């Protein structure tokens, strides 16, 4: 069904192309008629040609007469586009034009020297036009017509059934009655015409095949775009649903548990207190996961964009370290911060950049039980390189290939630590949304090494 639709669309596209090129052919024919008329007048005036100038001009005037008829009929034919069989009419119209052009050309050639006139090779241009406008079969039929007309002229002259119109006294009239000369001219003309049609139709067929492939690709992209719009609409509906149906009730449950734990602590048994504390913690984790999921989903929507303004990276790193200092001291971890005083500013969304630093630093502290954490920020051309390293649990090579996927957590991380598996997915979305990149190196049991590269603030933004 899909292939039939693509083929039908291709046929319609080819018909539109044929209509456009027929219009072009009619416009070109006006110029061709002027060129032929001018050539007849100039050649007969400048050279001592033995031709009937008036007769040639009379025949050349037929080009204008026929083209005038084509010009009147063509708009009428275009208006019949919705009538069944229209595509056959438009193809027939193109065939008739090219056939009449060949007939007029051969009459002009005959009246101006016949085989003496080198302009008979102008039939090649008609073959190229036929290959552009018509099917391969129709193009070969037009080529056959051109060959028949030329050979008919040679044969009738040879049999003296029609007179030979000498072009210039330089050629002996007997020369064009010699069978070998006539066979040679016929063979050269015939092979040249058919080779030209073969080459032109081959090229045209390849181009039409490419057009069909491009049309199929266009249809596929349009279909994919429709699917993307549906997904986007569904995502928006999902976000709204989660926001109202899950987040609000969970927040209410957490608040109620907190009230019970604080207001009725003296009346609760230790077991009930423990159960409520764990319930509150689980509720908090669920709310955190929903918050991160909503945040990630919003970042992945089509119309999402990040603000673009100067960001003081040094202040953000310092602030996040201060927030994590209690955890660092509680675990007795070492901390090394290496940031130059004159560190350039970044370009981006300050809140999003702060979230990147928060996620990377909090992960480094969370998954490190001994050793330390290092953070470094250095200029690198038009970018700033941020490096966060730790001596924590590390990851295997297999885990590194999936670490930025949504909800993915390494085996050691799942065993010993709580988390949503969304933090690094959010970090990647933010970094790439700012035109940067994130890389990670890790060894199990030795730690991880995250590198984020973000663009520096441009001078215009700073000003």
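Things to note:
- 2 or more residues surrounded by fewer than 14 Cβ atoms within 10 Å (Cβ to Cβ): qualifying helices (runs of 4 or more DSSP H) within the stretch 362-440: 397-400, 411-416
- Within the set 207, 183, 217, 226, the sole residue that is modelled with pLDDT of 85 or more and closer than 30 Å to residue 18 by Cβ turns out to be 217.
- Single residue of the stretch 445-460 satisfying the filter (over 31 Å from the mean Cα position of the chain (by Cα) and surrounded by fewer than 15 Cβ atoms within 10 Å (Cβ to Cβ)) that is modelled with the lowest pLDDT: 460
- Of everything in the stretch 8-29 that is in contact with a helix residue (DSSP H, G or I) (Cβ under 8 Å, 6 or more places away or on another chain) and modelled with pLDDT under 50, the residue that is farthest from residue 82 (Cα to Cα) is 10.
- Residue that is modelled with pLDDT under 90 and assigned to a loop (DSSP other than H, G, I, E, B), where the choices are 81, 89: 81
- Residue 75 being assigned to a loop (DSSP other than H, G, I, E, B) and either out of contact with any helix residue (DSSP H, G or I) (no Cβ under 8 Å at 6 or more places or on another chain) or surrounded by fewer than 13 Cβ atoms within 10 Å (Cβ to Cβ) (or both): no
- Sole residue being surrounded by fewer than 17 Cβ atoms within 10 Å (Cβ to Cβ), at pLDDT 85 or above and assigned to a helix (DSSP H, G or I), chosen from 194, 121: 194
- Checked against (1) closer than 19 Å to residue 358 by Cα; (2) part of a helix (DSSP H, G or I), residue 452 passes all but a single condition, namely (2).
- Residue match in the stretch 337-344 (condition: assigned to a loop (DSSP other than H, G, I, E, B), out of contact with any strand residue (DSSP E or B) (no Cβ under 7 Å at 6 or more places or on another chain) and surrounded by 21 or more Cβ atoms within 10 Å (Cβ to Cβ)): no
The values are calculated or read from the model by the stated rules, or taken from the named source; none is laboratory data. Quantities reported herein were computed from a predicted structural model and do not represent experimental measurements. We place every Cβ from the backbone using ideal geometry, glycine too, and count neighbours over all the protein chains shown.
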